[in-house]
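Note sheet for the following structure.
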């Protein structure tokens, strides 16, 4: 990654357009008059037909993907979380059992809880998996992790991620020529994201594949002729992972406004477009969920996909509003004797134990799922109103980002990995101007630092820290060189606050990863997690407020 980073930075220092130069022997001799000189310059440029989007940028997406793949292969023996066994078990379920039993099988506690399209994806993977190691796809082989199994599952993540590479290529290819350099930098930043490296290629998931579908859908929404395909792809994405339902309101408003209604008269629907979009979306959901409805399994499917019995906070607090709320509750417990506050003794240990369905507060009022839903919807409506009034592709991406923010900050039982719902779409707007970049910086730092506790083993510590720092230095510097000045006045103090916030991440990481254990041993094990979560939550909240100002102004 070091060579890619250094070359990327050197390319971004020069803001002049990159023009491929032919070899010296092919350059015509100089001519005397100005007309001949202009003709000579024109002759040295390749024709537009020969130039391909992104080919004048180095490193290309393909080159970067090859280098990144080599690194990911080296990580095959690295730490893997219980999610590795989760997906191995899903391979076994979909390969060994009829479809009717997929959502009832409970030999392992890691039951199938993704929508049917992802289950089909697992079934497709199980076909070659059974040839590599038949024991891999046996339901009774709990916690089975032969070397063949590890290699196959790790490789499947890399192969599935090719969809992300293609989506990013389409993103750069469809960008305006004047923003091609910025788009290429954004594409590289997403492809090399520390989030994907930590979550997918070490911890183990398939986020690169799923975000490839999302980005391709967003890219297709750029032009009127492909709006229908954008909606179809997003419907397919929902059938793969239902967490993207949080982004559905932005898609609904944008497609309704730009595809289903007359551009000049929002009260006159385009019935043909409504029929096409409705038929496609309903058809996709009918194919995915229809068999389970016919078998009377819809309630069982719902209980697997939406387990509301889980508590407000995950075992490790996601860096959102409820992390700050929980932190304040911890502080009030200590201050209660001095302030005369009533403390619920039964709830004192609740938010530090991480038990399913066990999130109670000792001083502050408890939070319900309905309250979380109401807050999420309320803040999404703010973004959707702007999207409805001033519909454009950039407003659409901004609304997607704010829907991701609202769901992450105020949602029920949010996982820290869901921060990608915000980081990935925001990346597409990060270099729009320096005001957007000022809001992106604390998010990039907070979002990735909050993922560090996922990899708690000593061997992975230098990998996650060195890789994340390299990425932050390379791309935040590159973005700073590429982002144009904003059309409105920037807030100086907010920039300085962001700089101070970013600087604090270094001592915080050092304390939580190294110093705390050296000083306290195994005591206060939850303290480092609480500090990282609260610190990251402040950064995400600050980033959200800054982005809201940029988006609405």
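Every read-out reported here was derived from the displayed coordinates using simple, explicitly stated rules and does not represent laboratory data. Since the model is a prediction, treat every value here as computed from it, not as a measurement. Backbone-built Cβ (ideal geometry, glycine too); neighbour counts: all protein chains shown.
Please give the direction-averaged projected area of the C-alpha convex hull for the range 47-197, in square nanometres with one decimal.
Numbers: hull surface 43.6 nm².
Its average projected convex-hull area is 10.9 nm².
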ask   = For the range 413-526, treating each Cα as an identical point scatterer without solvent, what Debye log10 I(q)/I(0) comes out at q = 0.15, 0.20 1/Å?
value = -0.75, -1.17
ask   = residue 458 versus residue 344, label points 7 Å from Cα toward the beta carbon: distance in nm?
value = 4.1 nm
query = How long are the semi-axes of the ellipsoid equivalent to the range 207-296, from square roots of 5 times the Cα gyration tensor eigenvalues, in whole Å, largest first?
reply = 24, 17, 10
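Highest first, please rank the peptides 536-542, 297-303, 92-98 by the mean number of other Cβ atoms sitting within 10 Å of their residues.
Details: 536-542: 23.0, 297-303: 13.9, 92-98: 18.7.
Highest to lowest by the protection proxy: 536-542, 92-98, 297-303.
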task = Treating the Cα atoms of the range 273-335 as identical point scatterers in vacuum, please give the log10 of the normalised Debye intensity I(q)/I(0) at q = 0.15, 0.17, 0.25 Å⁻¹, two decimals.
result = -0.71, -0.76, -1.01
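Which value in deg cm²/dmol, rounded to the nearest 500, describes the helix-derived mean residue ellipticity at 222 nm for the chain, given -39,500 (n - 2.57) per DSSP H run of n ≥ 4 and division by the residue count?
My calculation for the chain gives -19500 deg cm²/dmol from helical runs alone.
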ask   = In degrees, nearest 10, range 0 to 90: what is the angle between the Cα axis of helix 271-294 and the longest Cα principal axis of the chain?
value = 40 degrees
key: Kirkwood-Stokes translational diffusion coefficient of the chain, alpha-carbon pairs, 4 °C, 1.567 mPa s, µm²/s   = 51 µm²/s
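What's the whole-number percent of alpha carbon pairs in the range 81-144 lying beyond 15 angstrom? Don't jump to the answer; show the numbers that get you there.
On the way: 820 of 2016 pairs.
Roughly 41 percent, once rounded to a whole number.
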task = Using the Kirkwood radius over Cα pairs, work out the Stokes-Einstein diffusion coefficient for the range 308-425 at 4 °C and 1.567 mPa s, in µm²/s as a whole number.
result = 83 µm²/s
message = Just to confirm my numbers, what's the Cα centroid distance between the range 139-204 and the range 402-446 in Å?
response = 19 Å
request  = Compute the acute angle (0 to 90°) between the alpha-carbon long axis of helix 180-191 and the principal axis of greatest extent of the alpha-carbon atoms of the chain; round to the nearest 10°.
outcome  = 30 degrees
Dimensionless Rg over Rh [the range 250-379; C-alpha; Kirkwood] = 1.19
query = Using Cα atoms only, what is the angle between the long axis of helix 61-74 and the major principal axis of the chain, expressed in degrees (0 to 90) to the nearest 10?
reply = 40 degrees
query = Quick one: which of 240-250, 362-372, 461-471 comes out on top by average Cβ neighbours within 10 Å, and what's the full order, highest first?
reply = 240-250, 461-471, 362-372
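Taking 2.2 N^0.38 Å as the expected size of a compact globular protein, what ratio does the Cα radius of gyration of the range 404-471 give against it, to two decimals? Walk me through the intermediate numbers first.
Working: Rg = 13.4 Å, N = 68, 2.2 N^0.38 = 10.9 Å.
Ratio of Rg to 2.2 N^0.38 Å for the range 404-471: 1.22.
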